[in-house]
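Data block below; observations after.
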């Protein structure tokens with residue numbers, strides 16, 4: 001605090017020694033000095049005297065303009081005056097005294113590094129919880145110390161929490177300097193300063209609590225960092241928005257307290273005392289979605305258009321665009337993804353990114369209803385989600401309507417769907433008994449959970465005459481129940497149309513028959529008459545009807 005010791009010392013030395021006051025063996029004591037103009041006790045008093053009027057001007061009149069002594073007045077730089085050190089390094093404060101230190105850019109970093117250093121000259125005495133006022137000295141500011149500019153009971157900017165470039169992120173000696181006024185536990189108890197346990201989850205690790213300023217997500221109440229509140233509509237309900245990061249480039253991490261940000265987002269930099277992108281009084285928006293600062297929507301969002309339902313209100317903050325990606329990592333698939341060869345396996349749960357199939361698609365593309373409709377997003381499909389291509393109330397190929405591809409046919413068959421008791425249950429019921437979607441038992445006579453695949457899933461074994469799934473013809477009983485046939489597998493007679501082959505689902509009459517026989521067994525099938533002729537299991541057949 002050289003700025004104030006310097007003039008203080010000068011005045012005290014002047015009033016202590018007087019003009020031309022000389023030596024004397026007792027000048028280091030507080031006894032009266034008959035050979036000097038300074039009163040008794042000057043050593044303990046000269047600091048305050050030098051910082052009052054006329055102060056420095058009076059000191060230099062006797063001790064010289066450089067305070068190195070003249071005439072009978074000693075040098076204020078004396079390393080030993082009558083056996084006691086004065087100011088060997090100079091009587092000044094630890095900062096310039098020419099007025100430049102009043103600039104916040106000059107004294108701010110020092111004050112943030114350790115406020116107790118300022119306290120020695122400009123604050124009242126006291127330790128943690130003592131609430132000292134910083135209202136001493138600084139003649140150029142009316143003699144009221146830090147409070148002359150910062151306000152009563154303040155030694156820092158009133159808006160020290162930001163958003164600005166003077167925020168307290170780089171404060172040092174927190175447990176001592178900040179506890180002076182914010183309470184011994186920094187919880188505001190007994191302090192003139194507020195509790196730190198509002199913005200911070202902890203005053204030991206100082207992890208942040210984003211909800212203190214924003215809510216999670218912003219609810220429409222005024223954010224502390226914005227002049228105007230911004231209600232985010234249903235953005236947070238869409239889980240794969242990866243809340244905050246998709247639009248703003250950063251969010252609170254999973255454990256809370258720290259920023260999880262994309263690489264292009266500038267974070268706080270304590271080493272350079274820069275606030276980064278978050279705390280500069282501007283709002284960062286994702287330019288990769290062509291955020292429109294005029295209507296507060298995204299012109300090229302991959303899931304929806306820039307319509308009124310997706311436009312926000314004006315925060316009244318200046319907008320800065322960043323390159324955060326098409327979804328900032330929020331969208332777990334490439335864009336576009338409309339090719340069935342790409343999204344089909346994902347929707348079935350066959351990829352690592354989508355182990356639960358449609359359940360993983362649900363957060364972005366399904367309504368919040370029960371059961372859900374997959375009619376949300378996908379701008380390339382008219383903004384109506386999966387239903388933009390598939391039929392209404394479906395999220396997979398189905399018969400009729402705009403999408404006429406049965407899901408049990410060829411390459412889009414559903415027998416290879418994963419986690420079907422989870423994803424199919426969304427519409428077909430918890431036990432697949434039928435809910436919003438049809439009962440799976442209407443196609444699968446065998447329990448579809450116990451028998452999710454195989455011949456018995458649709459046909460029973462042997463076929464019992466019921467109509468099979470999707471087939472207008474009866475499930476022929478024929479000769480399936482004959483003794484020798486019951487012990488055979490389906491592939492013995494239907495090896496050319498086995499389970500999962502395209503011909504298995506062609507539904508063209510008659511059923512495809514191709515024998516898988518061994519040894520001397522021979523058999524031919526007459527499709528026109530649905531009869532078998534030949535030898536099998538040592539028995540000969542001629543025109544054996546089915």
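Here, each number is a calculation from the coordinates, and none is a lab measurement. What you see is a predicted model; the values in this text were computed from it and never measured. Because the Cβ atoms are built from the backbone with ideal geometry, glycine has one as well, and the counts that use them run over all protein chains shown.
At-a-glance table
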| quantity | calculated |
| --- | --- |
| Antiparallel %, DSSP beta bridges [both residues in the stretch 207-331], to 5 | 60 percent |
| Estimated inter-spin distance, residue 527 and residue 514, nm [label 7 Å along Cα→Cβ] | 1.2 nm |
| Förster-model FRET efficiency, 22 Å R0, residue 219 and residue 195, C-beta, rounded to 0.05 | 0.45 |
| Spin-label model distance (nm) - residue 299 vs residue 233, 7 Å beyond Cα toward Cβ | 1.8 nm |
| Two-site FRET efficiency, residue 149 against residue 173, from Cβ-Cβ distance with R₀ of 30 Å, rounded to 0.05 | 0.90 |
| Those residues of the stretch 404-425 whose amide nitrogen sits under 20 Å from the label point placed on residue 506, 7 Å along Cα→Cβ | 405-414 |
| Diffusion constant of the stretch 479-545 at 25 °C, which comes from Stokes-Einstein with the Kirkwood Cα-pair radius and 0.890 mPa s, µm²/s | 195 µm²/s |
| Label point distance in nm, residue 466-residue 537, each placed 7 Å from Cα along Cα→Cβ | 2.4 nm |
| Cβ-derived FRET efficiency at R0 45 Å, residue 352 paired with residue 488, nearest 0.05 | 0.65 |
